[in-house]
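A.B. asks: Let me begin by handing over the structure; questions about it come next.
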Amino acid sequence: MTAKILDGKAIAEELRNSIKDEVERQVAQGNKRPGLAVIMVGEDPASQVYVRNKKLACEKAGFKDVSEVLPASTSQEEVLALIDKLNADDDVHGIIVQLPVPDHINPEEIIERIHPCKDVDGFHPYNVGRLATRMPQLMPCTPHGVMTMLAKTGIPLRGLNAVVVGASNIVGVPMMLELLNERATVTICHSATKDLAEQVGRADLVVVGVGIPNMVKGDWIKDGAIVIDVGINRMDDGKLCGDVEYDVAKEKASWITPVPGGVGPMTIATLLENTMKVAYQLDCKLK
Ligand code: NDP
């Protein structure tokens, strides 16, 4: 079997176009443009690329970009004061802090300071708790983007054996919760998992987000499984590569995501989706 490709680039473009159309419809009715604030502290080169891409995506979708780039010397108190200001600003619907932050900044305190109803990364413990109790509000962008892609396969997730490899707050844990909420039977693997090949081998659906190139071998994959590769690894030749041994895995899987052009483009599109939700739909119950 050769897998069908889950084309994240095309699915993300479709989503971004529908968001753009909805923004113009709302603006024509006199509503505000969604405003997104991306806060970057310091000059991490990879972060600079991500922030530039987010700004570009904002512009194309007709959002108001209110991003702030702060010098690496900015203090914790100054970042918190900026978040307080953005929390109080009615033109700002979404606030995210680009990670990693310099060592003297405590990211947990920063994330908790963002108002949960503007937390469009879905990292605030309030939003994680809502997802865990099946009352989701704002969901982390990468796993939620994966859910949008999975819907495109038309395959019901209910009852599938799903194996998530990687257990970070950004990828693995919210992915586990999203799949559980759809009533997949979920196993989550991490650095202490003993029998990774065996776990992956019984998965109808495997989602990998570890950050080690080609770590999941193609011959581990069960025939007909759906394979979602979240990993983005920059190789010595400058090319990007995923965490799954793609060439072998694609001969066994029913569906597979490529890297690049798979999960990556979905993350920014879902960030826009979350911000639009805050602007036009979310009925915030918190002060
Ligand atoms: P983290 O480093 O935060 O987490 C990595 C996870 O992998 C941890 O849970 C770790 O386990 C687990 N792990 C490490 N080694 C092994 C192993 N040998 N076997 C099984 N699990 C292992 O990374 P992120 O979650 O932030 O990112 C993961 C990957 O996804 C990276 O390549 C990143 O670039 C990519 N990414 C892609 C995004 C996209 O938009 N497509 C967005 C975010 C990330 P433990 O918890 O025990 O330490």
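The values are calculated or read from the model by the stated rules, or taken from the named source; none is laboratory data. The structure presented is a predicted model; accordingly, all values stated were derived computationally and were not measured. Because the Cβ atoms are built from the backbone with ideal geometry, glycine has one as well, and the counts that use them run over all protein chains shown.
A.B. asks: Within region 230-287, track down each residue that is closer than 24 Å to Ala3 by Cα and of a type in the set (Val, Ile, Thr).
C.D. replies: Selection gives Val230, Ile232, Val244, Val248, Ile256, Thr257, Val259, Val263, Thr267.
A.B. asks: Which numbered condition in (1) within 18 Å of Phe63 (Cβ to Cβ); (2) more than 14 Å from the ligand (Cβ to nearest atom) is the only one that Ile110 fails?
C.D. replies: (1)
A.B. asks: If you don't mind, another one. If I filter region 238-254 for residues that are more than 17 Å from the chain's Cα centre (by Cα), within 12 Å of the ligand (Cβ to nearest atom), over 30 Å from Gly62 (Cβ atoms) and not assigned by the TED database to the domain that holds Ala46, do I get at least one hit?
C.D. replies: Within region 238-254 (the criterion being more than 17 Å from the chain's Cα centre (by Cα), within 12 Å of the ligand (Cβ to nearest atom), over 30 Å from Gly62 (Cβ atoms) and not assigned by the TED database to the domain that holds Ala46), the answer is yes, since at least one residue qualifies.
A.B. asks: Here's another thing I want to ask about it. Taking the criterion of being more than 30 Å from Lys152 (Cβ to Cβ) and in contact with a strand residue (DSSP E or B) (Cβ under 8 Å, 6 or more places away or on another chain), would at least one residue in region 5-19 satisfy it?
C.D. replies: Looking for residues that are more than 30 Å from Lys152 (Cβ to Cβ) and in contact with a strand residue (DSSP E or B) (Cβ under 8 Å, 6 or more places away or on another chain), one finds none in region 5-19, hence no.
A.B. asks: Going by what's in this entry, would Ser73 be described as more than 22 Å from His124 (Cβ to Cβ) and either outside the structural domain of Arg234 (by the TED database) or of a type in the set (Lys, Arg) (or both)?
C.D. replies: Yes: the conditions hold for Ser73.
A.B. asks: In addition: Every residue in region 158-184 that is away from the ligand (no atom under 11 Å from the Cβ), surrounded by 14 or more Cβ atoms within 10 Å (Cβ to Cβ) and more than 18 Å from Pro136 (Cα to Cα), please.
C.D. replies: Within region 158-184, Leu160, Asn161, Ala162 meet the criteria.
A.B. asks: Identify the residue in region 217-233 that is in contact with a Leu (Cβ under 8 Å, 6 or more places away or on another chain) and within 9 Å of the ligand (Cβ to nearest atom) and, among all such residues, is nearest to Val164 (Cα to Cα).
C.D. replies: Ile232
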